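Notes follow once the structure below has been shown.
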Amino acid sequence: MDFDLSEEQRLLKDSVDGLLNDSYDFEQRKKYGAEKIGWSKAVWGKLAEQGLLGLPFAEADGGFGAGAVETMIVMQAFGRALVLEPYLPTVVIAGGFLRHAGSDAQKAAHIPGIIDGSKTFGFAQLEKNSRYDLNDVSTTAKKKGDGWIIDGEKFVVLNGEAADTLVVTARTKGNQTDRDGIGVFLVPRDAKGVTVKGYPTQDGMRAADITFTGVEVGADAAIGDPANGLPLIERVVDEARTALCAEAVGAMDESLKITVEYIKTRKQFGVPIGSFQALQHRAADMFVFTEQARSMAMLATMASDFDDAKERAASVAAAKVQVGKSSKFVGQQSIQLHGGIGMTMEASIGHYFKRLSIIESTFGDTDYHLRRASEAGGIV
């Protein structure tokens, strides 16, 4: 099997790498994170100008018709630079819902805004005590005429306070953990009855807890079948997990690079500590774990397009397991090899470890996906 990038994909990689090298070093990232919304609208505009926000959308919708490999390339670059901008919730997740199940009217209303950078989204899915179970939904959507009334609470909504629109999972019928009766709805963040409480997260991003109290939306708010939306949610979340795996690989690449450069220059007993064989072995192990994660991220990238939900889920779960293990090992070793300075806010390496730790627990941690892969019988 050929794993080499095509000419177009290499050009994409060079383009996004060039953009981030010019405008996203560690000091600039600090400034972007200090902005009120936690990221830079100017950088978001540059991503739009380069066409990165329109990559996965069909040409008929104004996009470029790119696939999972192109998303992997972008997310790896974002991981290397620790990008704060809401590409995952807006392009990957909200864009995924619109691409797979959006009506023509919904696509026309939202996709152009994503592509030109004028709209961002948040995915309101996680609930109190629901852990990683996508079917554990207590937020309700009840019919009112042709529309819906949404009530409930959602937590840790990435980009929740800055989003123009929220993609909300809500139960239209059944009990809290039933697989049937879950719908997906588009809700304006500033709609009456929406209360947003924003806060910073450990990895330097921002999220929000959101309460929906009698929020009225029209019939056109529902994406796909409001009574059977779980398969759609599972597919889009698997795509998000795949994108996170790619981001983690980028973050591990940069962590390894920074650490190797550090042990080459940090001196102890009059010589660089990188000359000590024990530390060379640890750096070599970091490389091995990173490459294992890269291979599994590639598997997830290929599997994310599978129509067979069971086969896709097993492959993505297996990738999340290896990426989680590799993230923990590479992150911990990078801090250990840096010593005390690695734990300071001034050193970039600690911020990579924080981001890798958050990725490991997003949409299911390593233990959760190990069970998931086991129950699926392993990779099909």
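The rows are residues; the columns are (1) in the same structural domain as Leu47 (by TED's automatic domain parsing); (2) touching a residue at least 40 places away in the same chain (Cβ under 8 Å); (3) aromatic (Phe, Trp, Tyr); (4) at negative phi.
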site: Val92; (1), (2), (3), (4): yes, yes, no, yes
site: Phe97; (1), (2), (3), (4): yes, yes, yes, yes
site: Gly102; (1), (2), (3), (4): yes, yes, no, yes
site: Glu127; (1), (2), (3), (4): no, no, no, yes
site: Ser130; (1), (2), (3), (4): no, no, no, yes
site: Asp133; (1), (2), (3), (4): no, yes, no, yes
site: Asp136; (1), (2), (3), (4): no, yes, no, yes
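Search segment 48-60 for residues being surrounded by fewer than 22 Cβ atoms within 10 Å (Cβ to Cβ) and assigned to a helix (DSSP H, G or I), and hand back the single one that is nearest to the chain's Cα centre (by Cα).
Ala48
Can you tell me which residue within segment 221-234, out of those that are surrounded by fewer than 21 Cβ atoms within 10 Å (Cβ to Cβ) and of a type outside the set (S, T, N, Q), is nearest to Ser304 (Cα to Cα)? Steps first, answer last, please.
Of the residues in segment 221-234, the ones surrounded by fewer than 21 Cβ atoms within 10 Å (Cβ to Cβ) are 224-225, 227-228, 230-232, 234.
Among the residues that remain, those that are also of a type outside the set (S, T, N, Q) are: 224-225, 227, 230-232, 234.
Values: Gly224: 20, Asp225: 21, Ala227: 24, Leu230: 16, Pro231: 13, Leu232: 13, Glu234: 11 Å.
In this case the residue turns out to be Glu234.
Given the options Arg282, Arg294, name the one that is in a helix (DSSP H, G or I), in the same structural domain as Ala251 (by TED's automatic domain parsing) and either more than 20 Å from the chain's Cα centre (by Cα) or over 24 Å from Asp203 (Cβ atoms) (or both).
Values: Arg294 fails: either more than 20 Å from the chain's Cα centre (by Cα) or over 24 Å from Asp203 (Cβ atoms) (or both).
From the options Arg282, Arg294, the qualifying one is Arg282.
Can you say whether Gly117 is out of contact with any Phe, Trp or Tyr (no Cβ under 8 Å at 6 or more places or on another chain), of a type outside the set (Val, Ile, Thr) and modelled with pLDDT of 95 or more, as far as the supplied structure shows? Reasoning before the result, please.
On the way: out of contact with any Phe, Trp or Tyr (no Cβ under 8 Å at 6 or more places or on another chain): no; of a type outside the set (Val, Ile, Thr): yes; modelled with pLDDT of 95 or more: yes.
Here the answer is no, as Gly117 does not meet what is asked.
Of all residues in segment 153-164, how many are out of contact with any helix residue (DSSP H, G or I) (no Cβ under 7 Å at 6 or more places or on another chain) and in a strand (DSSP E or B)?
The total comes to 5.
Under 9 Å between Cβ atoms, at least 6 apart or on separate chains: pull out the pairs that start in segment 270-296 with a residue that is over 15 Å from Thr259 (Cα atoms) and surrounded by fewer than 18 Cβ atoms within 10 Å (Cβ to Cβ) and end on any residue that is of a type in the set (Val, Ile, Thr) and at pLDDT 90 or above.
The qualifying pairs are Gln292/Val323.
Only helices (runs of 4 or more DSSP H) wholly contained in segment 307-380 count here; list those with 2 or more residues that are closer than 27 Å to Phe26 by Cβ.
In segment 307-380, 309-338, 348-361 are the helices (runs of 4 or more DSSP H) which contain 2 or more residues that are closer than 27 Å to Phe26 by Cβ.
Name the residue, out of Thr177, Thr195, Thr211, that is assigned to a loop (DSSP other than H, G, I, E, B), farther than 22 Å from Gly96 by Cβ and β-branched (Val, Ile, Thr).
Details: Thr195 fails: assigned to a loop (DSSP other than H, G, I, E, B); Thr211 fails: assigned to a loop (DSSP other than H, G, I, E, B).
Result of the check over Thr177, Thr195, Thr211: Thr177.
The values are calculated or read from the model by the stated rules, or taken from the named source; none is laboratory data. None of the values given here were measured: they were computed from a predicted structure. Quick reminder, even Gly has a Cβ in these numbers, built from the backbone with ideal geometry, and neighbours come from all protein chains shown.
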